[in-house]
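Trainee: Dumping the structure here so I can ask a few things about it.
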Amino acid sequence: MKKLSVLAASACLALMSCGGLGGTTTNNNGTDILSGIIGVLTNGSGVVNAVSSVIGLDKLSAQNLIGTWRYDGPGCAFTSENLLAKAGGEMVAAQIEQKVLPYYQKLGLSASNTVVTFNNNNTFSATIGGRSFSGTYTYNESTSQIAMKGMLLNINCYAKREANGISLLFEAKKLLTVLQTMSALSGNTSLQTIGDLSKNYDGVRIGFDMKK
């Protein structure tokens with residue numbers, strides 16, 4: 001219980017020092033997001049799952065990547081355990097996902113229009129918000145990095161194993177580029193929030209939780 005209290009207190013201090021992602025922990029419905037996330041910790045799952053927010057701890061094989069993956073919500077992870085702890089742990093990762101969700105909803109992202117297929121021959125096809133592109137990819141199992149190359153867009157992302165699928169995660173500014181390119185919303189200032197996350201959290205990766 002002492003360890004749990006220390007973790008919760010550290011996370012709260014981290015959130016306050018970082019400005020709480022825009023200076024508020026309240027969503028559009030007036031619900032206290034932070035209280036909900038603390039609730040995860042109080043039942044023990046936050047401590048158990050903290051390492052699940054670090055890329056590469058539970059590596060995904062190239063074969064496991066093969067298949068068609070559909071959008072299942074925002075995803076977030078950190079590049080190392082040290083950065084995860086510094087930012088405040090699982091609480092911050094969960095809050096970032098809550099912060100990003102409204103912007104994904106504005107773009108209309110869903111399981112039917114946001115899909116990625118990785119083939120055995122190192123080709124891929126993807127649809128983001130209904131806009132399609134395709135090309136080739138390489139996957140580095142040691143770093144969990146996917147390099148995707150196509151006529152429309154060249155981008156690197158990271159694959160992370162999840163309980164019900166995988167996450168495809170990008171540097172915050174790179175994700176902003178992907179969303180702007182695919183949605184033709186390069187002038188949409190509301191999406192800038194996603195890019196601004198990189199200023200507050202070192203080593204954060206944001207993207208999509210995906211499942212088959």
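Trainee: Can you tell me which residue is farthest from D209 (Cα to Cα) among those in region 128-144 that are at pLDDT 95 or above and open to solvent by less than 60 Å² (accessible area, probe 1.4 Å)?
Mentor: Ranking the qualifying residues of region 128-144, first place goes to G135.
Trainee: For region 110-138, which residues satisfy the criterion of being over 18 Å from the mean Cα position of the chain (by Cα) and hydroxyl-bearing (S, T, Y)?
Mentor: Result: S112, T117, T123, S125, S132, S134, T136, Y137, T138.
Trainee: From the set of residues in region 123-148 that are without any contact (Cβ under 8 Å) to a residue 60 or more places away in the chain and among the β-branched types (V, I, T), which is nearest to M182 (Cα to Cα)?
Mentor: Checking each candidate, the answer is I128.
Trainee: Follow-up. For residues that are aromatic (F, W, Y) and in a strand (DSSP E or B), scanning just region 63-108, find the one that is modelled with the lowest pLDDT.
Mentor: Here is the first cut: in region 63-108, the residues aromatic (F, W, Y) are 69, 71, 78, 103-104.
Next, from what is left, pick out any that are in a strand (DSSP E or B): 69, 71, 78.
On the way: W69: 98, Y71: 98, F78: 86.
Once the filter is applied, the top-ranked residue is F78.
Trainee: Within region 164-174, is there a residue that is among the basic types (K, R), open to solvent by 10 Å² or more (accessible area, probe 1.4 Å) and more than 14 Å from the chain's Cα centre (by Cα)? Don't jump to the end; show me each part of the working.
Mentor: Going through region 164-174, the residues among the basic types (K, R) turn out to be 173-174.
Now drop any that are not open to solvent by 10 Å² or more (accessible area, probe 1.4 Å), which leaves 173-174.
Next, from what is left, pick out any that are more than 14 Å from the chain's Cα centre (by Cα): none.
No: region 164-174 contains no residue that is among the basic types (K, R), open to solvent by 10 Å² or more (accessible area, probe 1.4 Å) and more than 14 Å from the chain's Cα centre (by Cα).
The values are calculated or read from the model by the stated rules, or taken from the named source; none is laboratory data. The model shown is predicted, which means the values in this text are computed figures rather than measured ones. Using ideal geometry, Cβ is built from the backbone for each residue, glycine included, and neighbour counts are taken over all protein chains shown. Surface areas here come from the heavy atoms of the whole protein model, side chains and all, with no ligands, DNA or RNA. Shrake-Rupley method; radii C 1.70, N 1.55, O 1.52, S 1.80 Å.
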